[in-house]
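Here the structure is laid out as structure tokens; the discussion comes afterwards.
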Amino acid sequence: MKTYIRTNMNGINFELILFIAFALCILAGKANAQVYRSIPSGLFVGIEASNSHRTFAVNSDLKDFSGMKVSQTGRTYGITVGSRLINGKLRLGNFSTANGNDPPIQSNSFELGSNFSPLQLITGRTHFLEPYMMLSVETTKMKTNGTFTPPVAKAAAAAPTCSCQCPSTVGGPADPDALPTVKEPVPFSGNFGSTRANVGLGLKAHIQKGKLFLNVFGEMNYGVTLGTTASTQALLNTYVLNQVAFSTGVSLGYIYTKSGHRLRKVSFR
């Protein structure tokens with residue numbers, strides 16, 4: 001029998017493994033004193049947390065999902081590495097719909113992206129308030145539960161009738177007491193997800209004391225859906241459409257600079 005179920009890992013286990021591996025690499029490098037001599041001047045490493053709100057639509061052959069508008073809130077946590085001009089980010093997030101939404105949808109996300117600060121090309125220094133542009137790829141898995149009734153197949157075309165006295169057909173006439181086949185509801189509990197390309201703008205306020213920094217930021221991005229996945233046959237025709245998201249958060253960490261082979265403090269003007 002042909003299997004229609006698509007392979008899908010439970011939750012975000014794979015992304016979590018990548019996240020832990022990435023963090024361990026950073027800690028291992030910090031433990032090695034020789035690595036300081038190879039760190040580019042101006043490199044920073046930090047962690048961040050943010051609150052996010054996002055909205056998107058769902059298109060599906062299931063009545064409960066068809067044309068549904070989804071509004072979710074949640075939090076993301078991540079690691080950021082880079083320079084004042086450009087830096088990379090890895091984020092994990094958890095989101096849920098507001099109370100009372102039916103059906104409720106919970107989701108986990110994994111995002112890999114970068115920020116670009118164009119003012120660095122003009123002034124070469126970090127201002128207290130600085131805008132930046134964002135580009136990222138995000139995968140999201142949404143958990144659902146419920147049932148749906150499969151569509152009833154179209155009835156076969158009726159056989160032509162004859163005007164003459166036809167002999168009785170083999171097997172006799174149809175049983176008038178026979179009941180039509182009824183499609184039983186089946187569960188669609190499972191996951192469906194999407195992969196998006198996000199573009200957006202942000203604004204950060206930068207504070208630094210010695211080699212420590214603190215950023216307070218706000219972001220807005222628009223996500224274009226690149227593809228969708230499903231873990232059960234019932235969800236194969238459920239698609240996630242484009243997304244709009246808003247986030248506010250903080251990041252903190254260390255900035256490395258060097259003069260010759262020695263580190264020194266940097267102050268931002």
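Flag: residue 234 matches the condition of being surrounded by 15 or more Cβ atoms within 10 Å (Cβ to Cβ), farther than 23 Å from residue 127 by Cα, touching a strand residue (DSSP E or B) at 6+ places or on another chain (Cβ under 9 Å) and modelled with pLDDT under 90.
Evaluate the range 202-219: report whether one residue or more is at pLDDT below 95, out of contact with any helix residue (DSSP H, G or I) (no Cβ under 6 Å at 6 or more places or on another chain) and not in a strand (DSSP E or B). Taking every residue of the range 202-219 in turn, at least one turns out to be at pLDDT below 95, out of contact with any helix residue (DSSP H, G or I) (no Cβ under 6 Å at 6 or more places or on another chain) and not in a strand (DSSP E or B). Residues in the range 238-258 include at least one that is assigned to a loop (DSSP other than H, G, I, E, B), at pLDDT 75 or above and crowded, with 16+ Cβ neighbours inside 10 Å. With respect to the conditions (1) touching a residue at least 40 places away in the same chain (Cβ under 8 Å); (2) touching a helix residue (DSSP H, G or I) at 6+ places or on another chain (Cβ under 7 Å); (3) not polar (S, T, N, Q), residue 85 lacks only one, and its number is (1). Of the strands (runs of 3 or more DSSP E) entirely within the range 50-164, those holding at least 2 residues that are at pLDDT 90 or above and basic (Lys, Arg) occupy 86-97. From the set of residues in the range 199-214 that are buried (at least 19 other Cβ atoms within 10 Å of the Cβ) and either among the aromatic types (Phe, Trp, Tyr) or within 16 Å of the chain's Cα centre (by Cα) (or both), which is farthest from residue 65 (Cα to Cα)? Within the range 199-214, the match that is farthest from residue 65 (Cα to Cα) is 213.
The values are calculated or read from the model by the stated rules, or taken from the named source; none is laboratory data. This is a predicted model, so every value here is computed, not measured. Note that we place each Cβ from the backbone using ideal geometry, even for glycine, and neighbour counts take in every protein chain shown.
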